[in-house]
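The values are calculated or read from the model by the stated rules, or taken from the named source; none is laboratory data. Please read these numbers as outputs of a predicted model, since none were measured by experiment. So basically every Cβ, Gly included, is an ideal-geometry build from the backbone, and we count neighbours across all protein chains shown. Side chains are part of the model used for accessible areas, which takes the heavy atoms of the whole protein and leaves out ligands, DNA and RNA. Shrake-Rupley method; radii C 1.70, N 1.55, O 1.52, S 1.80 Å.
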Amino acid sequence: MNVCPYGAISYEDVQVNDHGVRETRRVAVVNNALCQGCGACTVTCPSGAMDLQGFSNRQIIAEVDAICR
């Protein structure tokens with residue numbers, strides 16, 4: 001499923017060593033030149049690993065809290 005409207009996310013297979021077990025995992029890679037900062041990837045990332053460049057989850061939550069006051 002490709003959620004990026006700008007096509008900035010691609011996937012690559014990487015070799016990882018997980019507790020002595022070598023395996024191949026598919027990871028998302030963001031092309032910063034194509035990324036427009038819309039945040040669609042951050043919202044839909046199933047592992048929560050995506051952060052919007054320049055905005056951590058903590059910063060975004062603090063902004064939402066400030067707006068809701």
(message) Can you tell me how many residues within the range 12-59 are part of a loop (DSSP other than H, G, I, E, B) and acidic (Asp, Glu)?
(response) 1
(request) Enumerate the pairs (first residue in the range 13-27 and more than 18 Å from Ser47 (Cα to Cα) and loosely packed, with under 10 Cβ neighbours inside 10 Å; second residue anywhere and of a type in the set (Ser, Thr, Tyr) and at pLDDT 90 or above) with beta-carbon separation below 7 Å, excluding pairs fewer than 6 apart on the same chain, so at least 6 apart or on different chains. (result) Gln15/Thr24
(request) Count, please, the residues in the range 29-59 that happen to be modelled with pLDDT under 85, over 21 Å from Val14 (Cβ atoms), open to solvent by less than 60 Å² (accessible area, probe 1.4 Å) and among the hydrophobic types (A, V, I, L, M, F, W, C). (result) 1
(message) Kindly evaluate Val3 against the criterion of being in a loop (DSSP other than H, G, I, E, B), at pLDDT below 90 and among the β-branched types (Val, Ile, Thr).
(response) yes
(message) Looking only at residues that are open to solvent by 70 Å² or more (accessible area, probe 1.4 Å) and of a type in the set (A, V, I, L, M, F, W, C) in the range 60-69, which one is nearest to Glu12 (Cα to Cα)?
(response) Ile61
